[in-house]
Amino acid sequence: MIAIRAPIKIIWSLLTDAANYPQWNSIVEKIDGPIAAGERFFLHPKGAPTLAMPVRVAEFAPPHKMVWSGGVPFGVLRASLSFVLTSAANDHIRFAIEADYAGFLARSIPDLQPAFETFAAEVNRRAEGLTQPIQGEG
């Protein structure tokens with residue numbers, strides 16, 4: 001979890017703006033398709049841009065929670081990734097990423113916590129950068 005000093009609306013817009021992920025995110029090469037309620041998109045990770053991971057937006061509750069789901073058919077692996085935004089003290093927003101895995105291959109998933117921390121730090125940096133006053137404005 002990370003505390004971000006930016007309006008929740010800006011953070012939510014970053015999380016749902018598929019076309020601009022590559023501008024601020026070091027993990028995502030590109031996203032094909034919209035990030036919206038019930039939609040399916042394909043996530044292309046950096047380092048393997050030809051790999052297109054199918055993802056469905058399973059839950060969409062703007063601007064507080066979104067859940068992505070995907071996996072391998074026949075119960076081999078089911079994964080969900082939750083993004084949760086809650087208000088905190090001093091105009092901060094708490095941003096948490098929670099992962100859940102089930103199925104035969106669930107135990108073989110490596111520790112992705114460092115990747116989630118990188119993702120959260122990049123959301124923080126971008127959101128706070130977008131809220132900084134422009135030089136010369138008073």
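Nothing in this text is a laboratory measurement; each read-out follows from the coordinates by a stated rule. Since the structure is predicted, the reported quantities are computational estimates derived from the model, not experimental observations. When we count neighbours, we look across all protein chains shown, and the Cβ atoms used for this are built from the backbone with ideal geometry, even at glycine.
Numbers for the structure displayed
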read-out	value
Residue in region 2-23 that is under 20 Å from THR118 (Cα atoms), out of contact with any helix residue (DSSP H, G or I) (no Cβ under 7 Å at 6 or more places or on another chain) and assigned to a loop (DSSP other than H, G, I, E, B) present	yes
Test: residue in region 76-85 that is in contact (Cβ under 8 Å) with a residue 12 or more places away in the chain and surrounded by fewer than 13 Cβ atoms within 10 Å (Cβ to Cβ)	yes
Output for region 105-135, where each listed residue is surrounded by 13 or more Cβ atoms within 10 Å (Cβ to Cβ), hydrophobic (A, V, I, L, M, F, W, C) and farther than 11 Å from ILE2 by Cα	LEU105, ALA106, LEU112, ALA115, ALA127, LEU130
Search result, residues across region 86-116 that are outside any strand (DSSP E or B), in contact (Cβ under 8 Å) with a residue 60 or more places away in the chain and either of a type in the set (A, V, I, L, M, F, W, C) or touching a helix residue (DSSP H, G or I) at 6+ places or on another chain (Cβ under 7 Å) (or both)	ALA88, ALA115
Sole exception among (1) free of Cβ contacts under 8 Å to residues at least 24 places away in the same chain; (2) surrounded by 14 or more Cβ atoms within 10 Å (Cβ to Cβ); (3) not acidic (Asp, Glu) for GLY47, by number	(2)
